[in-house]
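Novice: The structure follows.
The values are calculated or read from the model by the stated rules, or taken from the named source; none is laboratory data. Predicted model only: the values in this text are computed from it and were never measured. These area figures cover heavy atoms from the full protein model, side chains too; ligands, DNA and RNA do not enter into them. Shrake-Rupley method; radii C 1.70, N 1.55, O 1.52, S 1.80 Å.
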Amino acid sequence: MTSIHEHRTDTATGRGTGPVVFAAVLLFVVGVLDVLRGIMAIAEDDVFVNTPNYVFKFDLTSWGWIHLIFGILAILVSAGLFKAAVWARVVAVGLAGLLIIANFLSLPYYPVWSILAIALYTFVIWGLCVVRKDDFSLRD
């Protein structure tokens with residue numbers, strides 16, 4: 001009778017590797033773009049639309065700081081995802097959800113980017129939620 005033994009290696013072989021790396025790269029890239037968007041808003045660049053009667057109206061500088069801080073957090077959390085830290089997976093899903101809300105609320109200021117960012121953060125959440133906990137480790 002043949003027995004089946006698990007063989008663990010140091011290479012990335014888990015089924016969850018692809019979606020997690022996809023989410024990590026996407027979170028990093030969109031985080032960098034949110035940092036740049038935040039800097040543009042803080043500098044009150046002319047690329048933003050002025051919407052006078054918006055319900056969730058904040059000063060453009062306030063939105064800039066919000067996007068700058070969330071963008072920096074997204075970059076830091078993506079580094080944790082590359083190291084296969086479970087805390088990073090949980091925080092990334094929550095952070096992506098908050099960034100979807102922030103982009104929705106700032107929709108009138110930069111509509112095209114806000115819609116695109118909402119879609120990209122949705123893919124981040126998808127990439128992290130379709131992977132089972134057992135498949136998460138990149139270093140099995």
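Novice: Per-residue HN-Hα couplings for the stretch 26-34, Karplus 6.51 cos²θ - 1.76 cosθ + 1.60 at θ = phi - 60°, whole Hz, x for Gly and Pro?
Specialist: 3J(HN,Hα) across the stretch 26-34, in whole Hz: 5, 5, 5, 5, 5, x, 4, 5, 5.
Novice: How much accessible area does Thr122 have with a 1.4 Å probe, in Å² rounded to the nearest 10?
Specialist: Counting only protein heavy atoms, Thr122 exposes about 70 Å² to solvent.
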